[in-house]
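Each remark here refers to the structure printed beneath this line.
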Amino acid sequence: MKWVSLLVMAATLLCGATAQAQEKVLPVPPIKPAVPKGWPPKLNRLNGHPVTLTPKEKAGVGIAEQWEARPDLPAAGPDGAVTYLFGATMPSVVCRPMTICDIALEPGEKDNGAPQVGDNVRWKFSRAESGDGPNKVVHVIVKPTEPGLVTDLMLATDRRFYVIKLVSTEDRTMPEVRFTYPDELEKRWNEARGRSASAAPPAPRVVSATATTPTDIARLDFAFDLSGDDPIWKPVRVYSNGSKTFIQFPPEVKSDDLPALVALSDDDQEQGVNYRLVGNAFVVDKVLQKAALIAGVGSDQTKVVLTHDMGSHR
């Protein structure tokens with residue numbers, strides 16, 4: 001009986017080893033994912049076909065895209081703030097998750113309700129104030145929840161309407177964003193002229209249909225090219241409103257370091273021109289076609305030439 005038990009045990013072990021060997025050589029069929037036919041689904045358009053724009057609609061879209069693509073660049077403002085000229089182009093605010101970005105309005109400007117945002121799920125907003133009285137500043141605090149987002153923000157105030165592009169990235173940000181305003185420059189210019197006129201003998205009054213017309217942002221002309229040297233006072237932007245030319249300098253440049261301005265004739269002969277310093281900008285009471293900003297003399301002279309591109313209005 002002992003030998004019989006040993007033979008049974010050996011047979012069992014042999015059968016188990018054979019079965020394991022057979023299991024190892026058996027091919028494993030590939031597992032195919034169960035993807036339904038026609039996946040991913042096509043975009044479900046409510047009317048079943050794409051919209052064809054009319055010539056009028058194409059022209060309108062072209063105007064909006066041209067304004068959004070205007071090459072006017074922001075400048076460095078106080079405390080490292082990114083400063084846009086309001087109305088020159090669509091401003092962009094770049095922010096990263098886990099940080100906040102501050103969009104500051106003009107001192108004394110009041111917001112008319114909460115901002116309207118294309119994506120109000122993945123972008124968070126809050127409101128803050130600084131200062132007091134007529135110098136109170138409203139701040140729109142922006143915070144994205146993840147990188148790779150693009151949307152827009154619209155904000156109505158008692159002075160103007162803001163349209164701002166919002167972009168989120170993994171590691172780039174603009175902590176503070178500010179604006180300068182062409183209508184404010186013209187207002188200060190007119191106030192300065194008013195003070196000069198009040199000090200002089202009264203002159204016959206001439207009524208002008210456009211004397212009190214505010215600056216039309218859409219008609220601002222930024223078609224000025226800069227050439228020559230690259231000094232620290234090189235203008236950050238030059239534009240015209242159809243009657244005046246505004247030459248805006250970096251805000252950190254002191255008035256004592258600013259250059260002199262001369263108009264240039266067709267043969268580049270220097271000509272005198274009337275202008276006034278308003279804030280950090282030269283305001284010229286005419287539309288310049290060609291001019292030069294000059295600092296220093298001789299071999300130390302620095303010169304930047306402004307040329308108005310008459311064939312462009314950007």
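The values are calculated or read from the model by the stated rules, or taken from the named source; none is laboratory data. Note that the coordinates shown come from a computational prediction; the quantities given were computed from them, not determined experimentally. Counting neighbours? That spans all protein chains shown, and the Cβs are built from the backbone with ideal geometry, glycine included. The protein model used for the area step is the full one, side chains on, heavy atoms only, and it has no ligands, DNA or RNA in it. Shrake-Rupley method; radii C 1.70, N 1.55, O 1.52, S 1.80 Å.
A few remarks follow.
- Residues of region 217-230 classified as open to solvent by less than 30 Å² (accessible area, probe 1.4 Å) and either in a helix (DSSP H, G or I) or more than 13 Å from Ala292 (Cα to Cα) (or both), total: 4
- Any hit, region 115-125, residues being at pLDDT below 95, surrounded by fewer than 12 Cβ atoms within 10 Å (Cβ to Cβ) and touching an Asp or Glu at 6+ places or on another chain (Cβ under 7 Å): no
- Unique match (being open to solvent by 60 Å² or more (accessible area, probe 1.4 Å) and either in contact with a helix residue (DSSP H, G or I) (Cβ under 8 Å, 6 or more places away or on another chain) or farther than 27 Å from Gly279 by Cβ (or both)) among Pro107, Pro78: Pro107
- Residue match in region 11-27 (condition: at pLDDT 60 or above, in a loop (DSSP other than H, G, I, E, B), of a type outside the set (S, T, N, Q) and out of contact with any helix residue (DSSP H, G or I) (no Cβ under 6 Å at 6 or more places or on another chain)): yes
- Checked against (1) within 25 Å of Val278 (Cα to Cα); (2) modelled with pLDDT of 90 or more; (3) open to solvent by 80 Å² or more (accessible area, probe 1.4 Å), Glu129 meets all criteria but (1).
- Among residues that are part of a strand (DSSP E or B), out of contact with any Gly (no Cβ under 6 Å at 6 or more places or on another chain), at pLDDT 85 or above and within 30 Å of Gly62 (Cβ to Cβ), Leu277 is not included.
- Residue count, region 86-104 (criterion: in a loop (DSSP other than H, G, I, E, B) and open to solvent by 20 Å² or more (accessible area, probe 1.4 Å)): 7
- Selection from region 268-294 of residues that are touching a residue at least 24 places away in the same chain (Cβ under 8 Å) and in contact with a helix residue (DSSP H, G or I) (Cβ under 8 Å, 6 or more places away or on another chain): Arg276, Val278, Gly279, Ala281, Val283
- Number of residues in region 138-174 that are open to solvent by less than 40 Å² (accessible area, probe 1.4 Å) and either of a type in the set (Asp, Glu) or outside any loop (DSSP other than H, G, I, E, B) (or both): the value is 17.
- Meets criteria (at pLDDT 85 or above, farther than 20 Å from Thr157 by Cβ, among the aliphatic types (A, V, I, L, M) and within 29 Å of the chain's Cα centre (by Cα)) for Met90: no
- The requirement of being at pLDDT 60 or above and outside any helix (DSSP H, G or I) is fulfilled somewhere in region 54-64, by at least one residue.
- Restricting attention to region 275-314 and to residues that are of a type in the set (S, T, N, Q) and more than 18 Å from Tyr181 (Cα to Cα), the residue that is most open to solvent (accessible area, probe 1.4 Å) turns out to be Ser299.
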